[in-house]
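Step one of this worksheet: look at the structure below.
The values are calculated or read from the model by the stated rules, or taken from the named source; none is laboratory data. As the structure is a computational prediction, the values presented were derived from the model and not from experiment. Every residue, glycine as well, gets a Cβ built from its backbone with ideal geometry; the counts of neighbours run over all protein chains shown.
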Amino acid sequence: MRNLKTQSTWKKDTNKLSESSNFLAKHVTILKALADPVRIRIIELLKSEQLCVCHLSQELGLAQPLVSHHLKVLKEAGLINPNRYRYWTYYCLDTQVISEIYFIFGTLAGDNDSCNEDEIPKRPC
């Protein structure tokens, strides 16, 4: 039979792994949403003001259903929030998520400003 302590330790390790996987899955979803030039343009437009689909469609020169699709992807990734106003839905950026992405890329970059071969240590083979 298994020792209870071993099972408890295994569960803790599994929980840590699933938390890490959830963290990564969330950010992969965000990065996939940002991988489209139209969505990047939508983010740029929304950084200065709240806009509805008709405004975005006009600015982007795209059909309303296509703009709605891109907004859905951005909303599912948590990058934008819808706000109902009378008959329309206006969209705005979720600045907390945008700051989080900025932090993640800063963490990935570390203290290295560039890929200077002389300054970044090499792992020996």
Taking LEU71, is it surrounded by 14 or more Cβ atoms within 10 Å (Cβ to Cβ), within 18 Å of LEU93 (Cβ to Cβ) and at pLDDT 95 or above? yes
Are any of the residues in the range 103-117 modelled with pLDDT of 90 or more and either in contact with a Gly (Cβ under 7 Å, 6 or more places away or on another chain) or in a loop (DSSP other than H, G, I, E, B) (or both)? no
Can you give me the number of residues within the range 16-68 that are farther than 25 Å from TYR102 by Cβ and at pLDDT 90 or above? 14
Filter pass, CYS92 being at pLDDT 80 or above, more than 25 Å from the chain's Cα centre (by Cα) and not in a helix (DSSP H, G or I): no
Give GLU49, GLU44 a once-over and let me know the one that is acidic (Asp, Glu) and under 17 Å from THR89 (Cβ atoms). GLU49
